[in-house]
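The values are calculated or read from the model by the stated rules, or taken from the named source; none is laboratory data. Everything numeric in this text was worked out from a predicted model, so none of it was measured. Backbone-built Cβ (ideal geometry, glycine too); neighbour counts: all protein chains shown.
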Amino acid sequence: MKRLGNNIMLVACLILIPTMVMAVDTSAPVPAKEKNVSDQAAPFSVAPPLKIGSINISYIGMESEQGKSLKTRLIEKKDKVEAKILAEKKKLDTLKESIKSKMPTYTPKQREAKSNEFQKKVETFQKFIRESEESFMKEQESETNNIVSLIEKTVLDYGKANDFAIIVAKKDILYVDSRIETQDLTSIILKAVNDTWKNK
């Protein structure tokens, strides 16, 4: 009997709670505070599209006046070095044949002296080849770096002056969305590089 009474009390509570909630919910609504005009969101504005450019660095390097001049100088230097190497090689071949033909007439001491003499000439010849190659590569690297530096400075100046967000090398572009427009600035930068080089 006591348990039944408790159950009735629980049911009564469950009936009263929703009624109390409804009583609160059906009360008169509080008027909402009017929003200030200043609280309203600012109108949406569309940002202007970013300007993106690309260049073919290798083409500019090879086709620039400075690049063509470097290529001409390196070819001339290479031809001169190769001609000197061939001339020295012929001298060594002639000396070798001469020593070989006279070897039977030499004493052991003379043979050793001639052999050492020839070996020193060979070592001098090999050293000349190594130094020529190193000098050629060093000049090529130095002059190429100068060209690249000029291209980079020209791109930097042009990009800033014409409000470009970014200018990249064409070889570094793997994918561009069709909605993004990129401008090929290769011919413009090439002309600017040539103008700068001529005015040095």
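Okay, here's what the table says:
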| item | result |
| --- | --- |
| Test: residue in segment 172-182 that is of a type outside the set (Gly, Ala, Ser), under 22 Å from Ser64 (Cα atoms), out of contact with any Leu (no Cβ under 8 Å at 6 or more places or on another chain) and at pLDDT below 95 | yes |
| Meets criteria (in contact (Cβ under 8 Å) with a residue 12 or more places away in the chain and not acidic (Asp, Glu)) for Tyr175 | no |
| Some residue of segment 51-60 being part of a loop (DSSP other than H, G, I, E, B), under 30 Å from Val148 (Cα atoms), in contact with a Phe, Trp or Tyr (Cβ under 8 Å, 6 or more places away or on another chain) and modelled with pLDDT under 95 | yes |
| Residue within segment 129-138 that is over 29 Å from Ala192 (Cβ atoms) and in contact (Cβ under 8 Å) with a residue 60 or more places away in the chain present | yes |
| Residues satisfying the stated conditions in segment 103-114, i.e. surrounded by 11 or more Cβ atoms within 10 Å (Cβ to Cβ) and assigned to a helix (DSSP H, G or I) | Met103, Gln110, Arg111, Glu112, Ala113, Lys114 |
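Each row is one residue, and each column tells you yes or no for (1) of a type in the set (Lys, Arg); (2) assigned to a helix (DSSP H, G or I); (3) under 21 Å from the mean Cα position of the chain (by Cα).
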site: Glu97; (1), (2), (3): no, yes, no
site: Lys100; (1), (2), (3): yes, yes, no
site: Asn116; (1), (2), (3): no, yes, no
site: Glu134; (1), (2), (3): no, yes, no
site: Ser142; (1), (2), (3): no, yes, yes
site: Glu152; (1), (2), (3): no, yes, yes
site: Val155; (1), (2), (3): no, yes, yes
site: Ser178; (1), (2), (3): no, no, no
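Results for (1) touching a residue at least 40 places away in the same chain (Cβ under 8 Å); (2) within 25 Å of Asn199 (Cα to Cα); (3) in contact with a Cys (Cβ under 8 Å, 6 or more places away or on another chain), shown as yes or no for each residue.
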| residue | (1), (2), (3) |
| --- | --- |
| Ile57 | yes, yes, no |
| Gln66 | yes, yes, no |
| Thr72 | no, yes, no |
| Lys80 | no, no, no |
| Leu86 | no, no, no |
| Lys91 | no, no, no |
